[in-house]
Every structure is written in structure tokens, then in C-alpha cells.
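Enquirer: After the C-alpha cells below, expect a handful of questions from me.
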Amino acid sequence: MSSLEISSFCFDQETKSPSSPPSVEASAGGPLEEDVGEDEEKPKDIIRFTAEKLSVEEVSQLVTSPLCGAVSLFVGTTRNHFEGKKVISLEYEAYIPMAENEVRRICGDVRRKWPVRHIAVFHRLGLVPVSEASVVIAVSSAHRAASLGAVSYAIDALKAKVPVWKKEIYEESSSSWKRNKECFWATSD
């Protein structure tokens, strides 16, 4: 784990135990990914909170499967304005243990609602400049309807349930912590 990476877990759906994200190094001593039969490919939930820049390509590749004809993605990026103020970056903080547990619950909910193969949820922490990704969610499934529905549900549930806080940093040297209006613990105004 790099010094900037906060957390990275891959959960095997059968055992529910943490394992390493798929990599060439992780397969040493075992069968290479090309040698694993299609029926042996186990569904994975890959959850990562990190201060490093997110790669949409990396997240997409983590869920790609020969068993699937669809990979759906949601990429949330920092926009350059909010309520007439120029935003120069966002800053994210999270309570990692609770955030990971909530994302695991969301993955479980997704699997109960849709027939999906792999789910990846990556969230960036720390400063995220304008136009860079702060969250990437990818879901693979045999057909597009399942992955599209699952990725939409996952981002809505993440915003409503996962303890991640966002601070908007404005050009005029001010900032403001924002609450998610979707968040279940937010009080109505």
C-alpha cells in the first residue's frame, strides 16, 4: 500500500473476506487470469478510498469480465462553480472504517437487486482540483440494464449513506463545508 493510499480492499463474494486487488503479482504461484475458467471467476467488490488521482481506465478494467457484455461507469468530477462562486477545488474527508462498511452494504444491496458480476467503488480524499474525478463507480453485468441500474443506485446510495464530507474551496480564499442533501442524517431546513 502506498503512503498516499488510504484504503484498498477487494471482497470475494463467497467468503466476504478481504483480499488483494487483482494484479499480476497476486497471481504468482496460482493460475494466471487467462488460465482461470469462466465458471471459476468469482464476483468481486473492490472498494478504495485514496488521496491519489483516480484512473477511470483502471477502475473500468478491474470490473471487466469475459462473462459480461456491459460495464457501466459513473464518474463524479469537481465543477468550477457553485451558487455564483468560482470553485478551485474540493477537499474530501471520510471516516474510513464506517465508509468502507457502508460501501460494502451498498454492494450487497446492488447484488440483491441486479445480476451483476463485479463492482468497484473508488473515492478520492484530500484536495480534488476542478475537472478531476472525486468518485468512480463501475459495475459489470451480462446485459446493460443491470449495470446501468446498479451504477445509478450505487452513486445515489453513496451520497445518502457514506460518511464522506466535502469542503468547497473558492477562488476568493474562502471555503465552505457542504452537506449532501440526500444524506439520511441531514436535517431539513
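Enquirer: Hey, can you grab everything whose amide H is under 5 Å from the amide H of Thr77? Only 5+ residues off in sequence or another chain; H modelled, so Pro and N-termini drop out.
Expert: Close amide H contacts, sequence-distant or interchain: Ser134.
Enquirer: In sequence order, what are the phi-derived ³J(HN,Hα) couplings for the range 107-118 according to the Karplus relation 6.51 cos²θ - 1.76 cosθ + 1.60 with θ = phi - 60°, rounded to whole Hz, with x for glycine and proline?
Expert: Each residue of the range 107-118 in turn: 4, x, 4, 4, 5, 6, 8, 9, x, 10, 9, 10 Hz.
Enquirer: Keeping all protein chains in place and using 1.4 angstrom, which order do Glu83, Glu57, Glu41 fall into by accessible surface area, from largest down?
Expert: From most exposed to least exposed: Glu83, Glu57, Glu41.
Enquirer: By the scheme Lys and Arg +1, Asp and Glu -1, what is the net charge of all other residues having a beta-carbon under 14 Å from that of Val116?
Expert: Charge balance near Val116 sits at +4.
Enquirer: How large is ³J(HN,Hα), in whole Hz, for each residue of the range 45-53 in order, when computed from phi with the Karplus curve 6.51 cos²θ - 1.76 cosθ + 1.60 and θ = phi - 60°, using x for Gly and Pro?
Expert: 10, 10, 10, 9, 10, 8, 8, 7, 4
Enquirer: While we're here: Taking H as built 1.01 Å from N, whose amide H comes closer than 5 Å to the amide H of Ile88, not counting residues under 5 places away?
Expert: For Ile88, whose amide H was placed from the backbone, the distant partners under 5 Å are Ile169, Tyr170, Glu171.
Enquirer: With only Lys, Arg, Asp and Glu charged, each at its Cβ (+1 for the first two, -1 for the last two), find how big the charge dipole of the range 47-138 is about the Cα centre; round to the nearest 20 debye.
Expert: The calculation lands at about 320 debye.
Enquirer: Can you pull out the trypsin sites (Lys or Arg not before Pro) in the range 112-176 whose DSSP state is coil and whose Cβ has at most 11 other Cβ atoms within 10 Å?
Expert: Qualifying residues, ordered by number: none.
Enquirer: Quick one: what Rg and Dmax do you get for the range 44-170 from the alpha carbons, in Å?
Expert: Final numbers for Rg and Dmax: 14.6, 47 Å.
Enquirer: Give me a comma-separated list of calculated 3J(HN,Hα) values for the range 140-151, in order, Karplus coefficients 6.51, -1.76, 1.60 applied at θ = phi - 60°, integers in Hz, x for any Gly or Pro.
Expert: 10, 7, 5, 10, 5, 4, 5, 5, 5, x, 5, 5
Enquirer: Still on this structure, please answer the following. Carbon and sulfur together cover what percent of the accessible area of the range 44-170 at a 1.4 Å probe radius?
Expert: In the range 44-170, the share of accessible area belonging to carbon and sulfur is 52 percent.
Enquirer: Okay, moving on. Write down the accessible area per residue of the range 44-170 in Å², having rolled a 1.4 Å probe over the full set of protein chains.
Expert: 44
Enquirer: Using a 1.4 Å probe on the protein heavy atoms only, what accessible surface does Glu91 show? Give it in Å² to the nearest 10.
Expert: Surface open to solvent at Glu91 totals about 50 Å².
Enquirer: Could you list, in their original order, any pairs among Lys42/Lys167; Lys113/Lys166; Lys113/Lys167; Lys113/Lys159; Lys44/Lys167; Lys53/Lys113 whose Cα atoms are separated by more than 27 Å?
Expert: Checking Cα-Cα distances, Lys42/Lys167; Lys113/Lys166; Lys113/Lys167; Lys44/Lys167; Lys53/Lys113 exceed 27 Å.
Enquirer: A further question follows. How many nm separate the modelled label positions at Ala160 and Leu127, each set 7 Å beyond the Cα in the direction of the Cβ?
Expert: Taking the simple label geometry, Ala160 and Leu127 are separated by 3.5 nm.
The values are calculated or read from the model by the stated rules, or taken from the named source; none is laboratory data. Here the structure is a predicted model, which is why all the values come from computation and not from measurement. Methodologically, a virtual Cβ is constructed for each residue, glycine included, from the backbone with ideal geometry; neighbour enumeration extends over all protein chains shown. SASA here: full protein model, heavy atoms, side chains in, ligands and nucleic acids out. Shrake-Rupley method; radii C 1.70, N 1.55, O 1.52, S 1.80 Å.
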